[in-house]
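The structure appears below as structure tokens.
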Amino acid sequence: MFFTIKNFLKAVLFIIGIFLITYLCIDYIQRKNNTMDIEEYSPISTLKVKQTLLTKSKYPFIDVHGHPFPTVISDLSGLVSEMDSLNMAFMVNLSGFRGLYLTKSLENIKRNAPTRFGLFLNLDFETIDDKDFESNTLKMINDAYNKGVMGLKIYKSLGLTDKDSEGDRIKINDPRLKPIWELCGILKIPILIHSGEPESFWFDKDKYNERWLELRQKPGRYMGNSSKYPTYKEVISEQHDIFRNNPQTIFINAHLGWMGNDLDALSEHLDKYPNVMTELGAVLAELGRQPKRAREFLINYKERVLFGKDYNPSQEFSEYYTYFRVLETDDEYFDYYRKRHAHWKMYGLSLPDSVLKCIYYKNALKLFPKIDKNLIK
């Protein structure tokens, strides 16, 4: 048989036809047997409980964990308007980057919203083997500080994927990085550090893993490939090393240090390292499922926890409402805003006003004295 376009098209149509028939048969069988994917299953609860829908916080708040990337070019008026609607007094943009991008971002903020945003510097650790890495990096930090930068943000790539010139993983506690941590201590600017990921990302992707849905939807977050990634314990122990070895430097251990599911461990961590604070970014769901223990923890460590959400422009500002509801109300059994982060329900912590004030703004004002205190009314 000679190959012709006509025969090729027939073959393509035949394959498409088989695919459609197979798809329809599978769909029919699933419907007949009342089966569905877990991602489709979204039951409406019949539980009759109080619903307190908050669209703004009780007190003005400072979000120390934001990534509003357009601060380099936008007039910022739209973002400020959204912040006002939530009662957000100030947002820290952790994605300040460096060089010209950082300079232009600082200029733009000064021009359009000088009292509402702060920037953190970001470094390139993969230049660690350059001859002038230390002197250049320390100069960069000093220059950024003199221009108004509020801190240093360390991304999770350090300790996970950043490589030196030999292709070896750069450890968080690499001795070549110690001058960086020391300088931030001298300048009294905090280091917000995101190390590793939730430990479940290293577990087998099976029915016992409560992060299974997230790993299915975001397969690139799986860390269980030992030929590609270090172990969870390696990364976390390296992070804790720099906390211990740099007691004069303030660190903000991002995302509750991935200990939101073990508040006893987080309590011990904060007791052990008085130079460490933490924040709530993207881990509120851990607190909302254990309201009694979480309430106790936040009351006991109210001066060590900052408000953060890990906001970025792809998200809806309405996601903040869940933070207000968990922290402020005593509501029961309500949804988190992202199913892959929490297929379980939330419960309100009904925190005392004294605790809310610390988390919302007091702790941040102590840490960042340059924030205009007149924003808090």
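Bear in mind these aren't lab numbers, they're just calculated from the coordinates by the rules spelled out. Fair warning: this is a prediction, and the values are worked out from it, not measured in the lab. Heads up, the Cβs are rebuilt from the backbone with ideal geometry, glycines too, and the neighbour counts pull from every protein chain shown.
Quick look at the values:
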quantity: Among 261, 185, 36 the positive-end extreme of the charge dipole of the chain (Cβ point charges); calculated: 36
quantity: Rounded to 5, percent antiparallel among DSSP beta bridges of the chain; calculated: 10 percent
quantity: Contact order normalised by residue count of the range 152-200, Cα under 8 Å, 6+ apart, percent; calculated: 53 percent
quantity: Residue among 300, 365, 320 farthest towards the positive dipole end of the range 294-377, charges placed on Cβ; calculated: 365
quantity: Protection proxy ranking of 343-352, 263-272 - average other beta-carbon atoms within 10 Å, highest first; calculated: 343-352, 263-272
quantity: The chain, helix-only ellipticity at 222 nm - DSSP H runs n ≥ 4, -39,500 (n - 2.57), divided by all residues, nearest 500; calculated: -11500 deg cm²/dmol
quantity: Local net charge near residue 317, Cβ-Cβ under 13 Å (Lys/Arg +1, Asp/Glu -1); calculated: -3
quantity: Cα long-axis angle, helix 99-112 against the chain (0 to 90 degrees, to the nearest 10); calculated: 80 degrees
quantity: P(r) tail fraction, the range 194-295 - alpha-carbon pairs more than 22 Å apart, %; calculated: 35 percent
quantity: Packing-based ranking, highest mean first, of 145-153, 369-377, 182-190 given that Cβ atoms within 10 Å are counted; calculated: 145-153, 182-190, 369-377
quantity: Neighbour-count ranking [beta-carbon atoms within 10 angstrom, fewest first] of 36, 277; calculated: 36, 277
quantity: Cα gyration tensor shape for the range 218-278, rounded if a/c is under 1.5, else prolate or oblate; calculated: prolate
quantity: Cβ-placed point charges (K, R +1; D, E -1), dipole of the chain about Cα centre in debye, nearest 20; calculated: 800 debye
quantity: Relative contact order (percent, whole number), the chain, Cα cutoff 8 Å, 6+ residue spacing; calculated: 18 percent
quantity: C-alpha center-to-center spacing [the range 329-370, the range 169-208] in angstrom; calculated: 24 Å
quantity: Cβ-based charge dipole, the range 61-375, positive-most Cα from 239, 175, 152; calculated: 152
quantity: Under the Debye formula (equal points on every Cα, no solvent term), log10 I(q)/I(0) of the chain at q = 0.11 Å⁻¹; calculated: -0.84
quantity: The range 68-220 - charge dipole about Cα centre, Lys and Arg +1 at Cβ, Asp and Glu -1, debye rounded to 20; calculated: 400 debye
quantity: Exceeding the 29 Å Cα-Cα cut-off - candidates 56/272; 110/131; 218/309; calculated: 56/272; 110/131
quantity: Nearest-ten-degree value, helix 5-32 long axis tilted from longest Cα axis of the chain; calculated: 80 degrees
quantity: Protection proxy ranking, peptides 319-332, 98-111, average beta carbon neighbours within 10 Å, highest first; calculated: 319-332, 98-111
